[in-house]
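K.L.:
Shown below is the structure under consideration.
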């Protein structure tokens with residue numbers, strides 16, 4: 001058995017995933033890890049969205065609580081995917097995607113929560129692959 005640890009500067013490493021607030025970005029957190037047929041680890045990390053503030057509902061002065069259903073998670077979070085070779089303990093690929101990966105599925109797939117142009121939310125299944133040399 002072998003152990004390695006990765007500590008990128010953009011990942012604060014705190015154990016709890018905090019949602020932040022209207023004036024504080026959410027903390028990044030690992031949504032899931034999938035091992036592919038080649039032994040590579042696919043790490044799906046939710047990170048603060050580019051416009052994460054737009055994911056918060058309007059809050060009236062003095063209001064202290066909001067309903068979870070009023071949050072727009074597809075704006076609050078984006079998703080970083082890192083592919084790691086555990087034999088060399090190196091990141092072999094990394095990509096940032098718009099939207100919130102809400103569930104990791106087998107076969108290098110993830111369910112993303114997206115907002116349609118008319119404001120409705122939908123679930124989209126995305127499949128990922130490595131390309132190039």
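We did not get these values from a lab; they are worked out from the coordinates using the rules stated. This structure is a prediction, so every number in the text was calculated from the model and none was measured. Cβ: placed from backbone, ideal geometry, glycine included. Neighbour counts: every protein chain shown.
K.L.:
In nm, to one decimal, how far is the modelled label at residue 41 from the one at residue 124, with both set 7 Å along Cα→Cβ?
P.N.:
Computed distance between label sites residue 41 and residue 124 equals 2.9 nm.
K.L.:
Averaging sequence separations of C-alpha pairs under 8 Å and six or more residues apart, then dividing by the length of segment 4-123, give the relative contact order as a whole percent.
P.N.:
Worked out over segment 4-123, it gives 21 percent.
K.L.:
Next question. If each residue of separation counts as 0.36 nm, what is the full-extension length gain between residue 64 and residue 85 once their alpha-carbon separation is subtracted?
P.N.:
That pair, residue 64 and residue 85, stretches by 3.1 nm at full extension.
K.L.:
Still on this model: Could you give me the radius of gyration and the Dmax of the chain, taking only the C-alpha atoms into account and expressing both in angstrom?
P.N.:
Calculated on Cα positions, Rg and Dmax stand at 16.4, 55 Å.
K.L.:
May I ask you to compute the full-extension gain from residue 30 to residue 53, defined as 0.36 nm times their residue separation minus their alpha-carbon distance, rounded to one decimal in nm?
P.N.:
Difference between extended and current length: 6.2 nm.
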